[in-house]
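Only the coordinates and a few stated rules stand behind these numbers; no lab work does. Please read these numbers as outputs of a predicted model, since none were measured by experiment. Cβ coordinates were reconstructed from backbone atoms using ideal geometry, including for glycine residues, and neighbour counts include every protein chain displayed.
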């Protein structure tokens, strides 16, 4: 009678089952911790304090994985954007100049031009960039840009303030709309390190006025980054100018918004680190 066991042709020995490669989950992965939580939850003698500690560990691991997924997706977008050039819309500027007979003060790549390159990359990586107006200081308009990784829910907020753009005889509504568009454009450029070819930082000639100097001084004292900031803004040092106020006044008027944004972002970062220190 034929042996029911399968035999190898060479040795006549029973075949051994093929070896299986088992991939055990990492001991510090969320799935492993979740399994442990489930076991403890079903154990009537489980230590409640230990269960709470493990649940807190699970939440931290989930948050860390979400952050890593966000950073990876953002990194891939940054890599693809590095090969894209965005230029100012000179044709629009020419039409404005020709009609008014003057030079337009703001030269920029329209937000929709930047979005045209960025939006498909965001969709591919399941990310979303949204904007919202936040309460600003005084009459300033503050725009928040939120970059979010949709599958994991992790996000980062980026802020930029600026006063209403009243140049060119704009109405109050037009002034707010102009600044809103300006801030959105600069927020997205800051998030993704987008460099606009030929952009002149929305240059407005002249120097800072007294109110602008005071605003920067107040932020500078809060941020506590005086010498480095002045060097970054290509301004004179306090020693060269005779005082910190005089040094701030040497910042070019066209760089006012850049100065405010830089200081605001630094302060927000410091406050965020203070509110959520590493455990």
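Assorted remarks:
- Computed on segment 112-199, the Cα convex hull volume stands at 106 Å³ per residue.
- Overall dimensions of segment 204-270 by Cα: Rg and Dmax, Å: 10.7, 32
- By the count of neighbouring beta-carbon atoms within 10 Å, fewest first, 53, 149 end up ordered 53, 149.
- Neighbour-count order for 55, 233, fewest beta carbons within 10 angstrom listed first: 55, 233
- Using the Cβ-Cβ distance between residue 234 and residue 62 with R0 set to 35 Å, the FRET efficiency works out to roughly 0.20.
- A simple spin-label model places pseudo-atoms 7 Å from Cα toward Cβ; at residue 128 and residue 172 they are separated by 3.3 nm.
- Exposure proxy ranking for 270, 248, 123, based on other Cβ atoms within 10 angstrom of each Cβ and starting from the fewest, stands as 123, 270, 248.
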